[in-house]
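Report on the following structure.
The numbers here are math on the coordinates, done by the rules we state, and not lab data. All values derive from a computational prediction rather than experimental measurement. Here the Cβ positions follow ideal geometry from the backbone for every residue, glycine too, while neighbour counts run over all protein chains shown.
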């Protein structure tokens, strides 16, 4: 909960709404279906947060819970519970579909760009943990840049810090076990070639 609190506080004054999805992933090695550490009570105390309960789903299905709640044209920033925003979130310029944002760890080099900031279009959904596709099967992004004619722009006003190193030892071990099974599942997806 303290890490999630940092995540929420890093964006709370910069956004109109936060959709938080609570619930254990399918196959995650944990006994609780929902958060038991004060997370639920904390989220319910915040006016801008809409808390959704969705357990026993694979990670991409769980991510599609919030995708299905978006409206056409919504500017959307996707954060995991152990990530924080450093800097000011700016609007995406007219004509730009995807903002490429630096993703890394505090005090370390930001090695990759993440397509976590975008204008929602009806039909967008996750296919795999971080792959977002258009409903007709065309790629919207391939995790690090836009494809199929969608317009992108590097966004330098903010970056995303991943705080996974702050998690407790047991949680890290559980996540490692889960990640191995998630990667195996993703390898079974038929990933379409992109332009």
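Points worth noting:
- The modelled label-to-label distance between residue 6 and residue 86, using points 7 Å beyond Cα along the C-beta direction, is 1.1 nm.
- Distance-filtered residues of the stretch 46-74 - backbone nitrogen under 18 Å, label point 7 angstrom along residue 27 Cα→Cβ: 55-64
- Fewest neighbouring Cβ atoms within 10 Å first, the residues 33, 139 line up as 33, 139.
- Within the stretch 111-161, the proportion of C-alpha pairs whose separation exceeds 13 Å stands at 57%.
- One decimal place: the segment residue 41-residue 74 gains 9.2 nm when fully extended, by the rule 0.36 nm per residue minus the C-alpha distance.
- Residues listed by number, the stretch 63-91, amide nitrogen under 18 Å from residue 48 label point at 7 Å toward C-beta: 70-71, 74-91
- If R0 is taken as 25 Å, the Cβ-Cβ distance between residue 55 and residue 136 corresponds to a FRET efficiency of 0.25.
- Per residue, the average separation of C-alpha pairs within less than 8 Å and at least 6 apart gives the stretch 23-96 a relative contact order of 30 percent.
- Look at 100, 163 and count the other Cβ atoms within 10 Å of each Cβ; fewest to most, that gives 163, 100.
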